[in-house]
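We did not get these values from a lab; they are worked out from the coordinates using the rules stated. Remember, it's a predicted structure, so these values are computed and weren't measured experimentally. Neighbour counts run over all protein chains shown; Cβ positions are idealised from the backbone, glycine included.
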Amino acid sequence: MQLKRIHHVAYRCNDAKETVEFYQRVMDMDFVLAIAENEVPSTKAPDPYMHVFLDAGMGNVLAFFELPNSAKMGKDPNTPDWVQHIAFELEDVNALGEAKVKLESEGLDVLGPINHGIFQSIYFFDPNGHRLELTANTQTDEEMSKLHEVAPAMLEEWSQTKRAPQHAAWLHEKGVLV
């Protein structure tokens, strides 16, 4: 199997129109298309939905479903808010600072920037409660090569101990891993 790319990533939303307007205004995304059905094509279940698609840049598509006949959407109570998120890459740290100013001018609470050693990030929530991350890479090719090299050993150690391996502890010298 040879994957080309992620075609789209889909999440649920409370209100498709509000969601599209947020991503257009706040994230500068283009509203690409909408698909609406009264029946789910894959299951034939009678369940109307609106499926909206937004251009997240470079062929990446972010999509949302509004499901008016389903129970109100919620969050997984067993997963901390910081775990599930959508991360978008910006050009550089200056663009990250500019984005933070724009987001705060929209009245959003923004956390960060947080220095992760190989990138910096800011965090905020969309109107549906989805956590969003904007990030700017700061890594060198050498750092990424080191991380790639130790990844299998880190995973194996984690699998056995469920404790953070120290193969990449040098990242803490550059920032804080979150």
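For this structure, a couple of remarks:
- Straight Cα distances below 29 angstrom link Lys146 to the lysines Lys4, Lys162, Lys174, with same-chain residues fewer than 8 positions distant left out.
- For the chain, the antiparallel share of DSSP beta bridges with both residues in that region comes to about 70%.
- Taking the fewest neighbouring Cβ atoms within 10 Å as the starting point, the ordered list for Ile114, Ile122, Ile35 is Ile35, Ile114, Ile122.
- Between 0 and 90 degrees, the angle of helix 93-105 with respect to the longest Cα principal axis of the chain falls at about 40 degrees.
- Mean residue ellipticity at 222 nm, helices only, the chain: -8500 deg cm²/dmol; runs of at least 4 DSSP H residues each add -39,500 (n - 2.57), and the sum is divided by the number of residues.
- Close amide H contacts of Val61 (hydrogens built in the peptide plane, cut-off under 5 Å, sequence separation of 5 or more or a different chain): Val9, Ala56.
- Cut-off of 10 Å, at most 16 other beta carbons, DSSP loop: longest stretch of the chain lacking such chymotrypsin sites (Phe, Trp or Tyr not before Pro): 83-169
- Taking trypsin sites (Lys or Arg not before Pro) across the stretch 1-54, the ones in a DSSP loop with at most 16 further Cβ atoms lying within 10 angstrom of their Cβ are Lys4, Arg5, Lys44.
- Residues Val101, Val150 in ascending order of nearby Cβ atoms (within 10 Å, fewest first): Val101, Val150.
- Between 0 and 90°, nearest 10: helix 141-161 axis offset from the chain longest Cα axis: 80 degrees
- Distant-in-sequence amide H partners of Val40 (H built 1.01 Å from N, under 5 Å): Ala45, Asp47
- Per DSSP, loop trypsin sites (Lys or Arg not before Pro) in the stretch 90-178 with at most 11 further Cβ within 10 Å: Lys162, Arg163
- Here Thr19, Thr79 are placed in order of increasing Cβ neighbour count within 10 Å, fewest first, which gives Thr79, Thr19.
- Between 0 and 90 degrees, the angle of helix 16-25 with respect to the longest Cα principal axis of the chain falls at about 50 degrees.
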